[in-house]
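The structure appears right after this line, and notes come after that.
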Amino acid sequence: VLACKVKQTLDLDVIPHMTCRDRNANATRSLLLGAYADGIRNVLIVTGDPIPTAKRDEVQKVYQFNSRKLISYVDSLNEELFKEPMNIFGALNVNVRNFEIELGRAVEKVADGAKGFLTQPAMTDEAISNLKHAKEVLGDQAKIIGGIIPVVSEKNGRFMESEISGIHLSEEMINSYHGLEREEAEELAIKYSLEYADKMSEYVDGYYLMTPFGRTGLMARIV
């Protein structure tokens, strides 16, 4: 609904996330048709996180699709129903230990209809190396949009490293924020963001930026 509102009000292209959890095939089809009718022409498809343990007595999980099956389903709507196809994006985790498996899944998703991938934040040299490999394998078959997330404090960096799945930061980067005031930390966040944007520039078709704690002014400076 928010994606449709942004599209209608500002005429900006948007890429809403769509998870596979909590909807059966009928609900999924209904949501896709409604979004399409309201002008949405892009969708990012991810499997979705499992239900937290504390909620499992109250909420029943529904997984009629996984990300590959849902990508294939949207692609079938493109062929059978949508006059103007919906661009399908998937996720690409450049921080996993065995990137060959992740890249193999990406190749399969391209075969199922994915046109591009949004990566997890690529904020280490290993992640940049994986991006390079992904570009070599995927070539012109799919767009790659590189993810960047500014680290705004030592505490923020340690939380992301230990608690958020799919994000990996070097200990050196985290330690460099030790003892910094907010303005100093933001300057360092900009430095790192631009540094890794430059490192990945040869291997991506664009960037997407994740905003920490609503700091839109910081993001405007990075842009």
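The values are calculated or read from the model by the stated rules, or taken from the named source; none is laboratory data. This structure is a prediction, so every number in the text was calculated from the model and none was measured. Counting neighbours? That spans all protein chains shown, and the Cβs are built from the backbone with ideal geometry, glycine included. Heavy atoms of the whole protein, side chains included, go into the accessibility calculation; ligands, DNA and RNA do not. Shrake-Rupley method; radii C 1.70, N 1.55, O 1.52, S 1.80 Å.
A single member of 189, 106, 197 is in contact with a Phe, Trp or Tyr (Cβ under 7 Å, 6 or more places away or on another chain), hydrophobic (A, V, I, L, M, F, W, C) and more than 29 Å from residue 79 (Cβ to Cβ), and it is 197. Scanning the stretch 111-127 for residues that are under 16 Å from the mean Cα position of the chain (by Cα) and open to solvent by 10 Å² or more (accessible area, probe 1.4 Å) yields 115, 118, 120.
Among residues of the stretch 16-43 that are under 11 Å from residue 3 (Cβ atoms), those with a beta-carbon under 6 Å from a residue that is part of a helix (DSSP H, G or I) at least six positions away or on a different chain give the pairs 16/3; 38/4; 39/7; 40/3. With the structure loaded, tell me whether residue 39 is modelled with pLDDT under 90 and in a loop (DSSP other than H, G, I, E, B) or whether it fails that test. No; evaluated as a whole, the condition is false for this residue.
Condition check ((1) assigned to a loop (DSSP other than H, G, I, E, B); (2) of a type in the set (A, V, I, L, M); (3) in contact (Cβ under 8 Å) with a residue 60 or more places away in the chain; (4) surrounded by fewer than 17 Cβ atoms within 10 Å (Cβ to Cβ)) across all residues:
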{"position": "130", "(1), (2), (3), (4)": "no, no, no, no"}
{"position": "141", "(1), (2), (3), (4)": "yes, no, no, yes"}
{"position": "157", "(1), (2), (3), (4)": "no, no, no, no"}
{"position": "168", "(1), (2), (3), (4)": "yes, no, yes, no"}
{"position": "185", "(1), (2), (3), (4)": "no, yes, no, no"}
{"position": "195", "(1), (2), (3), (4)": "no, no, no, yes"}
{"position": "199", "(1), (2), (3), (4)": "no, no, yes, no"}
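Based on this model, can you work out whether residue 105 counts as charged (D, E, K, R) and touching a residue at least 12 places away in the same chain (Cβ under 8 Å)? Yes: the conditions hold for residue 105. Is there a residue being among the hydroxyl-bearing types (Ser, Thr, Tyr), part of a strand (DSSP E or B), within 25 Å of residue 48 (Cα to Cα) and open to solvent by 20 Å² or more (accessible area, probe 1.4 Å) anywhere in the stretch 202-216? Taking every residue of the stretch 202-216 in turn, at least one turns out to be among the hydroxyl-bearing types (Ser, Thr, Tyr), part of a strand (DSSP E or B), within 25 Å of residue 48 (Cα to Cα) and open to solvent by 20 Å² or more (accessible area, probe 1.4 Å).
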